[in-house]
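Data first, discussion second: the structure below is written as structure tokens.
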There are 2 protein chains.
Amino acid sequence: MEFVQTWGSIGSSWGIPRSMAQIHALLLANNEAMSTEEVMETIQLSRGNVNINMRELINWNLVVKQNKIGERKEYFMANSDIMTMAQNIVSERKKRELKPVLELLNRLKNEKLEGKQEDVTHFQSLMQELDDFIKQLDQLLEIWLKLKDNYFFKKMIKTMS
Amino acid sequence: MEFVQTWGSIGSSWGIPRSMAQIHALLLANNEAMSTEEVMETIQLSRGNVNINMRELINWNLVVKQNKIGERKEYFMANSDIMTMAQNIVSERKKRELKPVLELLNRLKNEKLEGKQEDVTHFQSLMQELDDFIKQLDQLLEIWLKLKDNYFFKKMIKTMS
DNA sequence: ATATTCTTTCAATAATTTTTGAAAGTTCTA
DNA sequence: TAGAACTTTCAAAAATTATTGAAAGAATAT
């Protein structure tokens, strides 16, 4: 329960709904799949809340539906591989937040602006810098995903820290 | 203004107050230091709001105070190096959010728990996995900070993407 | 076809977070 | 020392976001 609460408030401070993070934590901690009812009771959330956030967790690929044979009820289970979990969270937020920013930056970078030449230049080079930076960050993430299981990479990380 | 608005809503969706991000964006975009009054007028925020969020930006090392000679008023300027900016944001959030989680994980990892042996083991290995993961992420960030300007590293990033 | 069991929806409500602005505080000037 | 210029504080209000729960919708069994 303490883990569930903490995970919830961390999520919350990063812009992820508290309940969504709590449900995720509960499923992560739980050895086997749980039904909506079980989740509702364990962390005291309404049916609608669990339903909506569970769907979101499924969208993010953090949770999968499971059916038990002979039962109509749906059960849910978290993907328990942490790396995969992180990957999914990163790629989901990238999709939602990185792309729109890049579009804006590129548009503003090239837009004709009124004002003192000096100010315009300053603004446009800021746009350029931000654009470069975000792209570099994106590449770093890609590399990490590609190399995370690579022997030499792990060794390098160990050596360097 | 469009940049300010967008930066504001991105900040907001990552758990950073909208006004704080807006003020930051405005100062970034502006070639020279601005006074509280100027900020208030430009983005229509109350004096208190600007004051409080400006202080926070200073805490995060994203903004510095400046004094113009012969003037009593304080002026503010954003640190315009994007890399430094990113570094400060990362280290600030690390300080606030990473440390508490690591403490929790370590405590729970070692705590005696009641329940089925199987479940306890599952939970404890989750704690271990999360702990390892967060540490690895932290190391990756360190390496990035160390190597970001390194010629071979940049080349590697370029090659790999 | 109807009942039963389970899931989904969404308008209303609640909780949380952010923002305001007026008053108090500070610093400097004359 | 009073007064002007500026900054800080924080209780109250506003805005935003999350949650509820009852009703409607599906799917299956009898």
Test for B:Met127: is it part of a helix (DSSP H, G or I) and in contact (Cβ under 8 Å) with a residue 60 or more places away in the chain:
no
So which residues in region B:10-38 are in a loop (DSSP other than H, G, I, E, B) and either within 10 Å of DNA strand D (Cβ to nearest atom) or β-branched (Val, Ile, Thr) (or both), if there are any at all?
B:Gly15, B:Ile16
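A quick yes/no check of all residues on (1) under 30 Å from B:Gln124 (Cα atoms); (2) assigned to a helix (DSSP H, G or I):
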| residue | (1), (2) |
| --- | --- |
| A:Met40 | yes, yes |
| A:Asn49 | yes, yes |
| A:Asn61 | yes, no |
| A:Val64 | yes, no |
| A:Ile69 | yes, no |
| A:Met77 | yes, no |
| A:Arg96 | no, yes |
| A:Val101 | no, yes |
| A:Leu113 | no, no |
Considering each residue of region B:8-26, count those that are within 12 Å of DNA strand C (Cβ to nearest atom) and either at positive phi or within 11 Å of chain A (Cβ to nearest Cβ) (or both), and give that number.
7
Of everything in region B:45-82, what is of a type in the set (A, V, I, L, M) and within 13 Å of DNA strand C (Cβ to nearest atom)? Give them in sequence order.
B:Leu45, B:Val50, B:Ile52, B:Met54, B:Leu57, B:Ile69
Which one is nearest to the other protein chains (Cβ to nearest Cβ) among residues in region A:35-44 that are surrounded by 15 or more Cβ atoms within 10 Å (Cβ to Cβ) and either away from DNA strand C (no atom under 12 Å from the Cβ) or of a type in the set (Val, Ile, Thr) (or both)?
A:Thr42
Conditions: (1) more than 22 Å from A:Glu111 (Cα to Cα); (2) surrounded by fewer than 18 Cβ atoms within 10 Å (Cβ to Cβ); (3) of a type outside the set (Ser, Thr, Tyr); (4) in contact (Cβ under 8 Å) with a residue 24 or more places away in the chain. B:Glu32 meets all but one. Number of the miss?
(1)
Tell me, which residue of region A:121-139 that is within 18 Å of the chain's Cα centre (by Cα) and closer than 12 Å to B:Trp144 by Cβ is farthest from the other protein chains (Cβ to nearest Cβ)?
A:Leu137
How many residues, within region B:42-85, are farther than 25 Å from A:Leu130 by Cβ and not small (Gly, Ala, Ser)?
10
Restricting attention to region B:73-86, which residues are of a type in the set (S, T, N, Q) and either modelled with pLDDT of 90 or more or exposed (fewer than 15 other Cβ atoms within 10 Å of the Cβ) (or both)?
B:Asn79, B:Thr84
So is B:Glu74 among the acidic types (Asp, Glu), in contact (Cβ under 8 Å) with a residue 24 or more places away in the chain and either in contact with a strand residue (DSSP E or B) (Cβ under 9 Å, 6 or more places away or on another chain) or within 14 Å of DNA strand D (Cβ to nearest atom) (or both) or not?
yes
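Check B:Glu118, B:Glu103, B:Glu92, B:Glu142 and return the single one that is within 8 Å of chain A (Cβ to nearest Cβ) and either within 25 Å of A:Ile89 (Cβ to Cβ) or modelled with pLDDT under 85 (or both).
Details: B:Glu118 fails: either within 25 Å of A:Ile89 (Cβ to Cβ) or modelled with pLDDT under 85 (or both); B:Glu103 fails: within 8 Å of chain A (Cβ to nearest Cβ); B:Glu92 fails: within 8 Å of chain A (Cβ to nearest Cβ).
Checking each option against the conditions leaves just B:Glu142.
The values are calculated or read from the model by the stated rules, or taken from the named source; none is laboratory data. Keep in mind it's a predicted model, so treat the numbers as computed, not measured. Glycine also receives a Cβ, built like all others from the backbone with ideal geometry; neighbour counts cover every protein chain displayed.
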